[in-house]
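Throughout, read-outs are computed from the coordinates displayed, never taken from laboratory work. All values derive from a computational prediction rather than experimental measurement. Glycine also receives a Cβ, built like all others from the backbone with ideal geometry; neighbour counts cover every protein chain displayed.
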């Protein structure tokens, strides 16, 4: 069982490592348009193709969205109490603990472990988490929030489009679905390469806070997984939906938290360390879940 997990996850780690190497030694991944290509073309295409190709029921999609919101809410409450206990400011530390990396890591992991059906569930979960990044994340770190930011998020827009198509029973023509499928294939490898590149460019100048960053890094995947287990135990989801929810909520601190902390003058060194340390911690938690639960 664990060998099957390793066979699924090792290619992901190798591509991240390749992205790290390319980020350190080359300029291949430095074009900012590459990230925009994935965000605005690849990811929406992946979302529409995944949701529509397996004909996910609109009611199932709504259940996954509600369950994800409940998990994020539970993680927020637990993390808030945890940070208050440690006398740490929630403004900068709450968003990294609440919002996992369900995008450029969670989606490839879901595909590797659960296939196309797991991918469809994962893109819905990831979209909700993206909304959380641009609401809770931006709101806390900036001290204010502007709702119009969501209207610029292509993933959120295409989630609504996919939900509308499902509700109305609209099936796209085969050539369109084939086009979406081809476009979606560019997404996962580039996302993993960009994740590796982002990790390679993280700046850690202060080593005195490694202990606290390590504690927070351990907390993120464990509290996410435990909260997900609690919600799926009482929520009407099938086994696959529950498994994908648990795995994606065990993902590490998201790179976007570092970007937001840098933008709003947060503790970027600690958040960079949290990203680096929580990545292997997350894979350990996923391995444990795979062995015990999934």
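Among 78, 268, sorting on how many other beta-carbon atoms sit within 10 Å of each Cβ, with the fewest leading, yields 78, 268. Report the full-extension gain for the segment residue 80 to residue 17: residue separation times 0.36 nm, less the Cα-Cα distance, to one decimal in nm. Extending this stretch completely gives an extra 19.4 nm.
Could you tell me how far the Cα centroid of the range 65-92 sits from the Cα centroid of the range 113-131, in Å? Cα centres, the range 113-131 to the range 65-92: 22 Å. Between residue 36 and residue 179, the modelled label-to-label distance comes to 2.1 nm, taking each label 7 Å out from Cα in the direction of the beta carbon. Here the peptides 225-232, 242-249, 271-278 are ranked by packing, the mean other Cβ count within 10 Å, and the order with the highest first is 242-249, 271-278, 225-232.
With 10 Å bins beginning at zero, the pair-distance distribution over Cα atoms of the chain amounts to 6, 29, 38, 22, 4, 0 %.
The angle between the Cα long axis of helix 2-25 and the main principal axis of the chain comes to about 70°, on a 0 to 90 degree scale. Helices in the chain, meaning DSSP H runs of at least 4 residues, each add -39500 (n - 2.57). Divided by all residues, the mean residue ellipticity at 222 nm is -24500 deg cm²/dmol. For the chain, the longest principal axis of the Cα atoms and the long axis of helix 174-184 meet at an angle of about 20 degrees.
Averaged over residues, the count of other Cβ atoms within 10 Å places the peptides 13-19, 116-122 in the sequence 116-122, 13-19, highest first.
Report the relative contact order of the chain, percent, no decimals, based on alpha-carbon pairs under 8 angstrom and at least 6 residues apart. Don't skip to the answer; put the middle values down first.
Working: 405 pairs, mean separation 92.5, N = 294.
With pairs under 8 Å counted, the relative contact order is 31 percent.
Rounded to the nearest 10 degrees, the inclination of helix 210-234 to the longest alpha-carbon principal axis of the chain is 40 degrees. For the range 163-290, the gyration tensor built on C-alpha atoms gives an oblate shape. Its axis ratio a/c (a ≥ b ≥ c) is at least 1.5, and a/b is not larger than b/c.
Under 1.5 on a/c is rounded, so check that first for the range 1-122, then, if it is not, pick prolate when a/b is larger than b/c and oblate when it is not; a ≥ b ≥ c are the square roots of the alpha carbon gyration tensor eigenvalues. Oblate shape, in that a/c is at least 1.5 and b/c is the bigger or equal ratio.
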